[in-house]
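Down below is the structure, laid out as structure tokens.
All of the numbers you see were taken from the coordinates with simple rules; none came from a lab. Because the structure is predicted, anything quoted here is derived from the model rather than measured. When we count neighbours, we look across all protein chains shown, and the Cβ atoms used for this are built from the backbone with ideal geometry, even at glycine.
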Amino acid sequence: MTRILVTGASGFVGRAVVEGLANSGHTVRAAMRQPADVFPRSVEVVAVSDLTRPVEWRALLKGAETVVHLAGIAHAGPGIAEDAYDRVNRLATAELAAAAKTVGIRHLLFMSSIRAQSGPSAPGVLSEADPPQPTDGYGRSKLAAEDAVRASGVPFTILRPVLIYGPGVKGNLQRLMSLAKQRWPLPLGLCSNRRSLLARQNLVGAIHHVLNSEARSEAYIVADPAPLTLAEIVAALRAGEGRSPGLLPVPPVLIGAALKAAGRAEEWQRVGGSLVADPGKLLGAGWKPLIGPRAALAALTRAAL
């Protein structure tokens, strides 16, 4: 089995990744800012400083063969300066990749984002062949970090996940779950915009697959194979509670206009716009998702009951 350093180990994705790797028999060093007793006893937990300051990566890499780099500012958000994204997402990744090359790390898996190649919505189906067109500081920092990994010379794989969901999810999907829990009908029945989502357990499976494959120097989109409309997402969430969809046929343009008037146009773009990403390249490399989005969303709701 492999000796693996996982950064960002205490995060929404990191905890599931560390537990999965440890349960598969790997020797895992979990790096986090505030070490806590949350993992199997076989996991070595180590402290890492805030990535806004230089990190002594070589000490953390000692004895490791593989790195799964998850640490960083995870989402685009208001009030975060572009130079903060650059320092944490781009420069810290570049410093880690350079250190990994120096000490002879065999494989660096970098968790990028679909936002490295697109804004919150896109007119067509995204693939790895599309020219990257990030639209904000978060996306630009992730794309720059990808470039730094490639330039370092360390053997690498880059993953570009779409919106990840699972127990404990925050952000837009958490707000959508809260809305779906309400007992009244929702005006989303005509929302036919399609969104690609990614169950956290499918992402963990993709990480395991990549670490066990010989493919290197590649970037992969990671998404549940079947995108869902906004109406279908809400219906799946309500199905987890044994409820009917309860959706009213209100034109989406009216919803968008109301939210724009309320100063929430960008929020509507993130939910009411379309963003479909094709995971065909990773599927062609042998990745097999563990669960479909409807079943995963229903299970997510049941877990929150």
Going residue by residue through segment 77-88, the Karplus relation 6.51 cos²θ - 1.76 cosθ + 1.60 with θ = phi - 60° gives ³J(HN,Hα) values, rounded to whole Hz and with x marking Gly or Pro, of x, x, x, 9, 6, 4, 5, 5, 4, 5, 5, 7
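Please identify every one of the trypsin sites (Lys or Arg not before Pro) in segment 137-215 that sits in a loop by DSSP and has no more than 11 other beta carbons within 10 Å of its own beta carbon.
Values: sites: R140, K142, R150, K170, R175, K181, R183, R194, R195, R200; in loops: K170, R183.
Loop-located and lightly packed - K170, R183.
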Scoring only Lys, Arg, Asp and Glu (+1, +1, -1, -1) among other residues with Cβ under 13 Å from the Cβ of E267 yields +3
Interchain or sequence-distant (5+) residues whose placed amide H lies within less than 5 Å of the amide H of G189 are L248, V250
Filtered pair list for the chain (Lys only, Cα < 22 Å, 8 or more apart or interchain) has a length of 5
In whole Å, largest first, the alpha carbons of segment 3-161 cover along the principal axes 47, 31, 30
Segment 220-287 and segment 118-182 have their Cα centres apart by a whole-number Å value of 15
As a percent rounded to 5, the proportion of antiparallel DSSP bridges among beta bridges in segment 91-245 is 15
Note on the chain: contact order normalised by length, alpha-carbon pairs under 8 Å, 6 or more apart, percent, works out to 17
With the 8 Å Cα cutoff and a minimum separation of six or more residues, segment 3-161 has a relative contact order in percent of 22
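Please give the net charge around E65, taking every other residue with its beta carbon less than 13 angstrom from that of E65, where Lys and Arg add +1 and Asp and Glu add -1. Write out the running numbers ahead of the final one.
Details: positive: R3, R29, K62, R106; negative: none.
After counting each charged neighbour, the total is +4.
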To the nearest 10 degrees, the tilt of helix 200-212 (Cα long axis) against the first principal axis of the alpha carbons of the chain is 30
For L197, the residues 5 or more places away or on another chain with a placed amide H closer than 5 Å to its own amide H are D224, L228
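With the contact rule set at Cα under 8 Å and sequence spacing of 6 or more, what percent relative contact order holds for segment 150-305? Spell out each step's value before the answer.
Values: 235 pairs, mean separation 55.2, N = 156.
Relative contact order of segment 150-305: 35 percent.
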With only helices counted (DSSP H, runs n ≥ 4, each -39500 (n - 2.57)), the per-residue ellipticity at 222 nm for the chain, to the nearest 500, works out to -11000 deg cm²/dmol
The equivalent-ellipsoid semi-axes of segment 126-270, taken as the square roots of five times the Cα gyration tensor eigenvalues and listed largest first in whole Å, are 34, 19, 12
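Could you work out the per residue convex hull volume over the alpha carbons of the chain, in cubic angstrom? Please report the intermediate quantities before stating the final value.
Values: hull volume 39.6 nm³, N = 305.
It is 130 Å³ per residue.
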With V18 itself left out, Lys, Arg at +1 and Asp, Glu at -1 over residues whose Cβ is under 15 Å from its Cβ give +3
Rounded to the nearest 10, the angle in degrees between the Cα long axis of helix 14-23 and the longest principal axis of the Cα atoms of the chain comes to 60
With x for Gly and Pro, the residue-by-residue ³J(HN,Hα) of segment 125-132, computed from phi through the Karplus equation 6.51 cos²θ - 1.76 cosθ + 1.60 at θ = phi - 60° and given in whole Hz, is 7, 7, 9, 5, 7, 6, x, x
With DSSP loop assignment and no more than 11 other C-beta atoms within 10 Å, the trypsin sites (Lys or Arg not before Pro) in segment 1-69 are R41, K62
Listed residues L275, L203, L254; largest mean-square fluctuation, Gaussian network over the chain with Cα springs below 10 Å, found at L254
Protection proxy (average C-beta count within 10 Å per residue), highest first, orders 108-118, 17-27 as 108-118, 17-27
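Considering only DSSP beta bridges whose two residues both sit in the chain, what percent are antiparallel, to the nearest 5?
Counting only bridges with both partners in the chain, antiparallel ones make up about 5 percent.
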In degrees rounded to 10, the 0-90 angle between helix 137-152 Cα long axis and the longest Cα principal axis of the chain is 30
